[in-house]
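Engineer: Just passing along the structure, written as structure tokens.
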Amino acid sequence: MIEGTEARAAAARDARAMMRGVLSRMRVRPREYDECYQAAMLGVVVALDRFDGSDGLKFETYARHWVKKLVVECHRYRQAITLPESSFYKRSG
């Protein structure tokens, strides 16, 4: 988990290019872009909460999984994404 407000903000800022790349590779339509971008940002937030750098994985690599997962859900269902109450999404720690 990335701790500290400034560190989390910096990681989220750095992930923006990756998010835009994922959205362009998934060919998100312009009218769906804003919703899918929000889903991508939610994926970054989930990744920030769950990231554990002890395995040597870069944050961006870890975050890409969550971004893709939530963008696919947004793109597939074309509706607002809400996080379920399952422990799968809950914060570790």
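Engineer: Which condition number does L48 fail, the rest of (1) closer than 19 Å to A7 by Cα; (2) free of Cβ contacts under 8 Å to residues at least 12 places away in the same chain being met?
Structural biologist: (2)
Engineer: Give the residues of region 1-57 that are on the phi > 0 side of the Ramachandran plot, of a type in the set (G, A, S) and open to solvent by 60 Å² or more (accessible area, probe 1.4 Å), sorted by residue number.
Structural biologist: G56
Engineer: Only residues that are open to solvent by 30 Å² or more (accessible area, probe 1.4 Å) and not aliphatic (A, V, I, L, M): list them for region 60-72, please.
Structural biologist: If the condition is that a residue be open to solvent by 30 Å² or more (accessible area, probe 1.4 Å) and not aliphatic (A, V, I, L, M), then E60, T61, Y62, R64, H65, K68, K69 are the ones that fit.
Each row is one residue, and each column tells you yes or no for (1) β-branched (V, I, T); (2) under 8 Å from the mean Cα position of the chain (by Cα); (3) at pLDDT below 85.
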site: V22; (1), (2), (3): yes, no, no
site: V28; (1), (2), (3): yes, no, yes
site: L42; (1), (2), (3): no, yes, no
site: A47; (1), (2), (3): no, yes, no
site: G53; (1), (2), (3): no, no, yes
site: E60; (1), (2), (3): no, no, no
site: R64; (1), (2), (3): no, yes, no
site: K68; (1), (2), (3): no, yes, no
site: Y77; (1), (2), (3): no, no, yes
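The values are calculated or read from the model by the stated rules, or taken from the named source; none is laboratory data. Keep in mind the model is a prediction, meaning the values are calculated, not measured. Note that we place each Cβ from the backbone using ideal geometry, even for glycine, and neighbour counts take in every protein chain shown. The protein model used for the area step is the full one, side chains on, heavy atoms only, and it has no ligands, DNA or RNA in it. Shrake-Rupley method; radii C 1.70, N 1.55, O 1.52, S 1.80 Å.
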